[in-house]
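Novice: What follows is a single structure, and I will ask about it in a moment.
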Amino acid sequence: MTSATATERSGQRRTGRSGPAGRPDRAARDRAAWFLVLPALIPILILSVGPLLYGIALSFTDAQSGRTRSTQWIGALNFQDLLHDTLFWDSFRIGLLWAVGVTVPQFLLALGLALLLNQKLRLLWLARALAIIPWAMPEVVVGIMWRLVYNPDAGILNETIRDLGLGDGRDWLTGFATALPAVIVVGIWAGMPQTTVALLAGLQNTPHELHEAAALDGAGAWRRFHTVTWPAIKPVALSITALNFIWNFNSFALVYVLTSGGPGGRTRLPMLFAYEEAFRYGQFGYAAAMGCVMVALISVILALYLVGRLRGGEDR
């Protein structure tokens with residue numbers, strides 16, 4: 001064996017890129033990768049994938065509450081009933097109004113706040129800390145706090161209206177015309193911090209030299225935002241907006257604490273409707289079918305978002 005051949009084979013064994021000696025190394029790396037992924041994968045399979053599959057199977061049955069009642073396989077009957085359930089489609093419409101009504105203003109306000117917090121301000125650390133306070137509060141606490149704000153007798157909102165001489169105030173959470181807008185305001189306030197943090201991170205990753213170059217070219221504030229800032233934060237903005245829409249559409253705790261779906265179903269979101277069907281009326285199979293429809297909708301939204309992102313990446 002020549003010295004060159006020996007050196008080549010020795011190099012192959014060290015790198016593991018080819019030859020028999022490389023196969024055990026690659027297999028060992030695969031086993032190590034699975035070993036590292038399993039601690040995170042097992043809880044997902046048990047707590048997310050497992051219940052999802054069980055819920056899909058449950059939607060094809062007539063499962064109801066009660067230990068002595070047997071469960072029968074009924075096929076797609078629950079989904080057929082959903083097609084003619086006007087209450088469910090009303091809740092679906094309200095859920096879309098809620099999701100859009102919260103997500104769009106939430107993004108616009110968070111963008112303005114992120115642009116402000118990206119400036120060199122005095123006590124900037126304090127302003128950033130105050131901006132994320134709603135994010136640190138549980139949704140139940142946020143709901144209870146805003147119920148006190150909207151209290152018709154002693155709430156700070158009605159007290160302010162009376163002090164300004166604008167009227168006697170009103171019962172915001174039980175009025176048919178005001179309940180949904182009042183809840184939307186709370187949703188915007190509660191969700192702004194996470195959107196602000198995401199956009200602020202995107203702004204801080206934008207090279208400052210680009211802004212300086214645009215300013216030297218005579219670009220104003222709006223033109224710098226349009227040509228420099230927005231292209232830099234656009235991927236973050238699209239991602240956080242898509243996630244916010246999904247989170248808002250699936251909201252439960254905040255609206256449940258504020259109105260429990262009232263008055264007269266004006267704030268009954270799809271998750272609240274499914275909850276009532278399952279745990280108030282005991283229709284587990286029917287509620288599972290509602291969950292499947294909502295999962296399908298969210299999957300379609302995610303697919304459209306991913307297709308848009310992929311097409312955008314190809315254009316670039």
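Novice: I'm trying to understand the selection: among the residues of segment 154-185, which are in a loop (DSSP other than H, G, I, E, B), among the aliphatic types (A, V, I, L, M) and either open to solvent by 70 Å² or more (accessible area, probe 1.4 Å) or without any contact (Cβ under 8 Å) to a residue 12 or more places away in the chain (or both)?
Specialist: Within segment 154-185, Ala154, Leu164, Leu166, Ala177 qualify.
Novice: If you go through segment 272-284, how many residues are in contact (Cβ under 8 Å) with a residue 40 or more places away in the chain and crowded, with 18+ Cβ neighbours inside 10 Å?
Specialist: So the answer is 4.
Novice: Being under 30 Å from Lys120 (Cα atoms), open to solvent by 50 Å² or more (accessible area, probe 1.4 Å) and outside any loop (DSSP other than H, G, I, E, B) is the requirement here; does Leu210 meet it?
Specialist: Answer is yes for this residue.
Novice: Looking at Gly95, Gly112 in this structure, which one is assigned to a helix (DSSP H, G or I) and within 18 Å of Leu243 (Cα to Cα)?
Specialist: Exactly one residue qualifies, and that residue is Gly95.
Novice: Select from segment 255-271 the residues that are crowded, with 22+ Cβ neighbours inside 10 Å and within 18 Å of the chain's Cα centre (by Cα) and write down the one among them that is farthest from Ile188 (Cα to Cα).
Specialist: Applying the filter and picking the extreme gives Pro270.
Novice: Then there's this: Is there a residue in segment 217-228 that is among the acidic types (Asp, Glu), in a loop (DSSP other than H, G, I, E, B) and more than 28 Å from Phe79 (Cα to Cα)? Quick ask: steps written out before the conclusion?
Specialist: Of segment 217-228, the ones among the acidic types (Asp, Glu) are 217.
From what is left, the residues that are in a loop (DSSP other than H, G, I, E, B) are 217.
From the residues that got through so far, the ones that are more than 28 Å from Phe79 (Cα to Cα) too are 217.
Yes, because at least one residue in segment 217-228 is among the acidic types (Asp, Glu), in a loop (DSSP other than H, G, I, E, B) and more than 28 Å from Phe79 (Cα to Cα).
Novice: Further question: Among all residue pairs at least 6 apart or on different chains, which show Cβ distances below 6 Å where the first residue, located in segment 113-132, is within 21 Å of Thr229 (Cα to Cα) and the second is among the basic types (Lys, Arg) and open to solvent by 50 Å² or more (accessible area, probe 1.4 Å)?
Specialist: Qualifying pairs under 6 Å: Leu117/Arg128.
Novice: Considering segment 63-88 alone, what residues qualify as being touching a residue at least 12 places away in the same chain (Cβ under 8 Å) and more than 19 Å from Gly291 (Cβ to Cβ)?
Specialist: Gly66
Novice: Moving on. Taking the condition closer than 30 Å to Val149 by Cβ and buried (at least 18 other Cβ atoms within 10 Å of the Cβ), does Asn244 pass?
Specialist: Judged against the criteria, Asn244 is a match.
Novice: Go through (1) under 30 Å from Ile94 (Cα atoms); (2) buried (at least 16 other Cβ atoms within 10 Å of the Cβ); (3) β-branched (Val, Ile, Thr); (4) over 16 Å from the mean Cα position of the chain (by Cα) one by one and return the number of the condition Thr195 breaks.
Specialist: Here Thr195 clears every test but (4).
The values are calculated or read from the model by the stated rules, or taken from the named source; none is laboratory data. None of the values given here were measured: they were computed from a predicted structure. Virtual Cβ from ideal backbone geometry, glycine too; neighbours counted across all protein chains shown. For accessibility, only protein heavy atoms count, side chains too; no ligands or nucleic acids. Shrake-Rupley method; radii C 1.70, N 1.55, O 1.52, S 1.80 Å.
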